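*Asks:* Provided herewith is a single structure, encoded as structure tokens, for subsequent inquiry.
The values are calculated or read from the model by the stated rules, or taken from the named source; none is laboratory data. Just so it is clear, the structure is predicted and the values come from calculations on it, not from any experiment. Note that we place each Cβ from the backbone using ideal geometry, even for glycine, and neighbour counts take in every protein chain shown. Accessible surface is based on the protein model in full, side chains and every heavy atom, while ligands, DNA and RNA are left aside. Shrake-Rupley method; radii C 1.70, N 1.55, O 1.52, S 1.80 Å.
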Amino acid sequence: MMWQKYAGSRRSMPLGARILFHEFHSRALYYKLAVEQLQSHPEAQEALGPPLNIHYLKLIDRENFVDIVDAKLKIPVSGSKSEGLLYVHSSRGGPFQRWHLDEVFLELKDGQQIPVFKLSGENGDEVKKE
């Protein structure tokens with residue numbers, strides 16, 4: 001069995017648990033919505049190059065967290081031209097309410113940032129940045 005150390009603990013996490021952790025997030029609405037925004041964003045797609053690859057979340061990164069009403073993730077992504085991190089901030093009004101995106105942006109390995117999605121306005125209008 002393969003094991004990997006993770007921050008904040010002296011214990012190791014088995015590979016199977018890492019995969020389950022990733023599977024949990026990849027099925028969650030906050031993750032799916034962000035990936036859909038990336039897939040439909042022409043500038044981000046052009047910068048990465050086809051095909052788009054979504055990689056496992058890094059468990060050792062303390063910036064990846066989810067609680068009852070807030071989710072912040074750094075999703076590693078790559079394509080034929082470049083690679084980077086998709087930063088996702090999502091929230092909801094309460095534990096049983098629907099998740100919505102607050103902000104999504106792509107940061108390429110060269111430091112370039114591409115705004116992919118930003119929630120704008122007090123009424124919660126969704127606005128894509130081009």
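*Asks:* Would you tally the residues in region 25-41 being part of a helix (DSSP H, G or I), surrounded by fewer than 17 Cβ atoms within 10 Å (Cβ to Cβ) and at pLDDT 95 or above?
*Replies:* 2
*Asks:* Search region 58-77 for residues that are closer than 20 Å to SER91 by Cβ and pair each with any residue that is open to solvent by 30 Å² or more (accessible area, probe 1.4 Å) and of a type in the set (Ser, Thr, Tyr) when their beta-carbon atoms are under 6 Å apart and the residues are at least 6 apart or on different chains.
*Replies:* LYS74/TYR87
*Asks:* Now for a different question. Scanning for something of a type in the set (Gly, Ala, Ser), without any contact (Cβ under 8 Å) to a residue 60 or more places away in the chain and under 21 Å from LEU52 (Cα atoms), does region 101-116 turn up at least one residue?
*Replies:* Taking every residue of region 101-116 in turn, at least one turns out to be of a type in the set (Gly, Ala, Ser), without any contact (Cβ under 8 Å) to a residue 60 or more places away in the chain and under 21 Å from LEU52 (Cα atoms).
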